1. Could you check residue 22 against (1) over 21 Å from residue 211 (Cα atoms); (2) in contact with a Ser or Thr (Cβ under 9 Å, 6 or more places away or on another chain) and say which number it fails?
2. Which residues, taken from the stretch 58-70, are buried (at least 24 other Cβ atoms within 10 Å of the Cβ) and either touching a residue at least 40 places away in the same chain (Cβ under 8 Å) or not in a strand (DSSP E or B) (or both)?
3. Scan (1) modelled with pLDDT under 95; (2) open to solvent by 30 Å² or more (accessible area, probe 1.4 Å); (3) touching a Gly at 6+ places or on another chain (Cβ under 8 Å) for the single condition residue 47 breaks and write down its number.
4. With (1) over 20 Å from residue 274 (Cβ atoms); (2) touching a residue at least 60 places away in the same chain (Cβ under 8 Å) as the list, and residue 243 as the residue in question, which single condition is left unmet?
5. Of all residues being open to solvent by 50 Å² or more (accessible area, probe 1.4 Å) and modelled with pLDDT of 95 or more in the stretch 143-193, which is nearest to residue 109 (Cα to Cα)? Just the residue, please.
6. Take the stretch 152-182 and flag every residue that is farther than 11 Å from residue 120 by Cβ, in contact with a helix residue (DSSP H, G or I) (Cβ under 7 Å, 6 or more places away or on another chain) and either aromatic (Phe, Trp, Tyr) or in contact (Cβ under 8 Å) with a residue 60 or more places away in the chain (or both).
7. Report, ordered by the first and then the second residue, all pairs with beta carbons closer than 6 Å, sequence separation of six or more or different chains, a first member in the stretch 136-151 that is among the charged types (D, E, K, R), and a second member that is part of a helix (DSSP H, G or I).
Amino acid sequence: MRNGSVKLKRQDAPLPTAWERVELARHPQRPYTLDYLQMAFSDFLELHGDRLFGDDAAIVGGLATLDTRTVMVIGHQKGRDTKENVLRRFGMARPEGYRKALRLMRHAEKFGVPVITLIDIPGADPSLVAEERGQAFAIAENLQAMSQLRVPIVSAIVGEGGSGGALAIGVGDQVLMLENAIYSVISPEGCAAILWKDSSQAARAAEELRLTAKDLKHEGIVDQVIDEPKGGAQNSYDEAARLLDVVLSARLAESSTHSVEERLTRRYQKLRHLGKWGTSDASLT
């Protein structure tokens, strides 16, 4: 059990606003990938490096056991203190991180091992060195490869799901989302700065972006919303891991019943039907 600073709401209190969900998704004591690997999985063996440049600590991955089944788990990893966040860059992956993820996914495909990804990233690293090493190409290569991967893929957004940095390991047969996680093409602050030239209107932007799990389930972007402990996942790591474990196991079992051809067809159709198109709302002007 770990307690955070977010206050629990009364039983009869209204549901959190979109901005309150953003704050919960970013909570510094929220469980990260390595926490879930310790509690929802067993026998984790971490694998390192992209075999091209180096190892990116912002993405961790390796073989693990979910219930009784061997899986390849890949996820973003943030830090708990200043030193670790410098190492992991708050989970903002660079090209070598995405290439490591791709190497592990192809390794899983070779041996018929399902892939599980845990997404928690504010956005891909925007630094000059990341761009020089091919950030956009690394993300695009992952999108293409995951759409064609022959083994089951289940993705879960457990915290922040920021833009292409999240999508680069988020193409799956099933896409799940924790109750207080967020998933968006841009941060609320960035959206507010672009639309209204005022990043202080981030709370308004959060509402307009429809970035909550409930909104995204309604739009068909995610397949299932996973409950969290009362007040947020940071209030009970054990319970958060248990709830994630149950849904991951069920969804992986479901995906595993499909043939390879059916799985790839369903994945393609899922991607093709994401999102809705239309003119912008007058309230945005």
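1. Answer for residue 22: the failing condition is (1).
2. 58, 59, 61
3. Checking residue 47 against (1) modelled with pLDDT under 95; (2) open to solvent by 30 Å² or more (accessible area, probe 1.4 Å); (3) touching a Gly at 6+ places or on another chain (Cβ under 8 Å), the one that fails is (1).
4. It is condition (2) that residue 243 fails.
5. For the stretch 143-193, the residue satisfying everything is 150.
6. If the condition is that a residue be farther than 11 Å from residue 120 by Cβ, in contact with a helix residue (DSSP H, G or I) (Cβ under 7 Å, 6 or more places away or on another chain) and either aromatic (Phe, Trp, Tyr) or in contact (Cβ under 8 Å) with a residue 60 or more places away in the chain (or both), then 152, 153, 154, 168, 171, 173, 174, 176, 180 are the ones that fit.
7. 150/109; 150/260
The values are calculated or read from the model by the stated rules, or taken from the named source; none is laboratory data. None of the values given here were measured: they were computed from a predicted structure. Don't worry about glycine lacking a Cβ; one is built from the backbone with ideal geometry, like all the others, and counts go over all protein chains shown. Side chains are part of the model used for accessible areas, which takes the heavy atoms of the whole protein and leaves out ligands, DNA and RNA. Shrake-Rupley method; radii C 1.70, N 1.55, O 1.52, S 1.80 Å.
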